[in-house]
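A.B. asks: Take a look at the following structure, please.
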Amino acid sequence: MQRAYRIARAGDFDPLIADDRIVLDQDRRHRRRIMLETLKGHQILLDLPEATQLRHGDGLVLTNGQTVLVEAADEDLHEITAPTLAGLVRIAWHLGNRHLPTQLMGDRLRIRADHVIAVMVQGLGGTAAAIRAPFDPEGGAYSEAGGDHGHHHHEHEHAHEHGHGHHGHGHGHD
């Protein structure tokens, strides 16, 4: 069994030279250490220094020098559109306000299928079509290579006063 100890980010290596492939849904792509099986049936141990979001197109570098291409699995999603760009931006704001993993695709958005959110989108003037497709949501603003989908917990205190009634960003990072 080989050990995957490093990630070659999409664009940093040629996926055509990958020795094998692995297909994972979005939840299974956020890992530090886990046993995985490639499409060729090989067992590999993902063994990274910290939990990392693997992105579609990344490569897992094995101890023997081979690379395994990471592919996003098809998932049940809603593809969101709106009649105007301003309408789509408004919907995106509401999705972000709810901390929903969202894939930005230019003129449309993708989220995991959620009937409650689909109703909200319709109420905002958009459409939420049920599809089955790969899901590769946007990474967090404070993540390395845009790959972290968790919250960033600051390891320091803010040493300044806001002085204008701002008392934090209001979503409970204790």
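A.B. asks: Applying the Karplus parametrisation 6.51 cos²θ - 1.76 cosθ + 1.60 with θ = phi - 60° to the phi angles of the stretch 109-118, what ³J(HN,Hα) value in whole Hz is obtained for each residue in order, glycine and proline being reported as x?
C.D. replies: Each residue's phi maps through the Karplus curve to give 10, 10, 9, 4, 4, 7, 5, 5, 5, 4 Hz.
A.B. asks: May I ask you to list the trypsin sites (Lys or Arg not before Pro) in the stretch 18-125 that are in a DSSP loop and have at most 16 other Cβ atoms within 10 Å of their Cβ?
C.D. replies: Here the sparse-neighbourhood loop sites are K40, R98, R108.
A.B. asks: Looking at the calculated P(r) for the stretch 26-132, what percent of the C-alpha pair distances fall above 19 Å?
C.D. replies: The proportion of pairs with Cα distances above 19 Å equals 52 percent.
A.B. asks: Treat the count of other C-beta atoms within 10 Å as a stand-in for reagent exposure and order D76, D58 from fewest to most.
C.D. replies: Ascending number of Cβ neighbours within 10 Å: D76, D58.
A.B. asks: Report the local net charge at L24: Lys and Arg +1, Asp and Glu -1, summed over other residues whose C-beta lies under 9 Å from its C-beta.
C.D. replies: That sum, taken over residues with Cβ under 9 Å, equals 0.
A.B. asks: If you don't mind, there's one more thing I want to ask. Looking at the P(r) of the stretch 88-139, how many percent of alpha-carbon pairs lie beyond 14 Å?
C.D. replies: Looking at the stretch 88-139, the distances longer than 14 Å represent 48 percent of pairs.
Since every read-out is calculated from the coordinates, none of them should be taken as a lab result. Note that the coordinates shown come from a computational prediction; the quantities given were computed from them, not determined experimentally. Note that each Cβ is placed from the backbone with ideal geometry, even for glycine, and that neighbours are counted across all protein chains shown.
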